[in-house]
Structure formats: C-alpha cells, structure tokens
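The values are calculated or read from the model by the stated rules, or taken from the named source; none is laboratory data. Predicted model, so just to flag it, every value in this text is computed and none were measured. Every residue, glycine among them, receives a Cβ derived from its backbone with ideal geometry; neighbour counts consider all protein chains shown.
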Amino acid sequence: MRWTKEEIEFLKENYSKVKHISEISKSLNKSAKAINHKAARISISRPRFPSDKPTNRQPRIVIEKRYYEKNKEKIYQQKMGRRKRLKEEAVKIAGEKCKVCGYNKCISALEFHHNQSNKEGNVSTLLKNGSRQKLLKEAEKCILLCANCHRELHNKGL
C-alpha cells in the first residue's frame, strides 16, 4: 500500500513529537512496523522518551535470593518431598526389600549397592541433583540392601 503525500507530511510532523507510535498508527491506519520503516526510509528519527519502567531495577540474582529467604521452608519441603518420591520409585525398581535379610519396614534404612563391575554413578548423588531417568537407570544396576547388611558387606574385606 502506497503512502500519500498527506500521510508522509503527517508522519514528518508527528513522528518525533508523539510518545507512542500506536497513536500515529491509529491516525494513519498503518502498522507500527510500517511507520517505523517509512520513517527510516525518509530519514526522520525519534528522541528517546523516558520509559514507564522503574529506573532502579534489581538484578535477577537479588530477586531470587529474596524469594528464597522468604520461602526457605516451603522450598526445603518441596525438595525433600521430591527426593522421597524418587527414592520410593527407585526402591520399587530394585525390589522393595533387602536382598540379604528381607528388611522392608523403613525406606530410609534401605541403600543401593553397586557391584564393583558396574560402578558408574552414585544413586544418592542422583537423588539429590540428578535427573529421574538417570536415577532409575542406575537403580536397575544396583542391589537393594538394608543399612546393616550394606555395612557388613563392605567390612567383610577387613
């Protein structure tokens, strides 16, 4: 769509004066992109208008730190709930009870033991900050032992 001489004159008069291009856009019935493009083609510019945004914006790190300080307990509870759900899922994959004595009363007392041949990752580390897929894949390679049987197994070599 071509620009008429009247539209170009209107643009020259108002482009540098009007704060928002949307006002010119409504008057000329053209898009803001078309107005900016035409203004660049006829070499007119706009002064920098002060923005409506606050001038003392805080860095994202400060905002996140403040959020953490206000919601520390909630974040901790969410994290612990996630770890508990992941461990329950991994325990189901590994057999739900100690392979030596059959203990299954407390899930916190159950531990994952790697055979020496397939020791690639640590399940407890994956529980804290690993992905669900990696954790479950690693749990399949382990045997499930209660804390007592796990300590006895490791101390037999002494």
| request: Consider only pairs whose beta carbons are under 8 Å apart and that are at least six residues apart or on different chains; among these, list those whose first residue lies in the range 33-49 and is in contact (Cβ under 8 Å) with a residue 24 or more places away in the chain and within 10 Å of Ser16 (Cβ to Cβ) and whose second residue is assigned to a helix (DSSP H, G or I) and of a type outside the set (Asp, Glu). | output: Ala39/Leu11; Ile44/Leu11; Ile44/Lys12; Ser45/Ala39; Arg46/Ala39
| Do the conditions hold for Lys38, that is, is it outside any loop (DSSP other than H, G, I, E, B), touching a Phe, Trp or Tyr at 6+ places or on another chain (Cβ under 9 Å) and of a type in the set (D, E, K, R)? | yes
| Taking Val100 and the conditions (1) assigned to a loop (DSSP other than H, G, I, E, B); (2) out of contact with any helix residue (DSSP H, G or I) (no Cβ under 8 Å at 6 or more places or on another chain); (3) in contact (Cβ under 8 Å) with a residue 12 or more places away in the chain, which numbered condition does it fall short on, given that it satisfies the others? | (2)
| remark: By residue number, the members of the range 109-148 that are polar (S, T, N, Q), modelled with pLDDT under 80 and over 23 Å from Lys79 (Cα atoms) are Asn115, Gln116, Ser117, Asn118
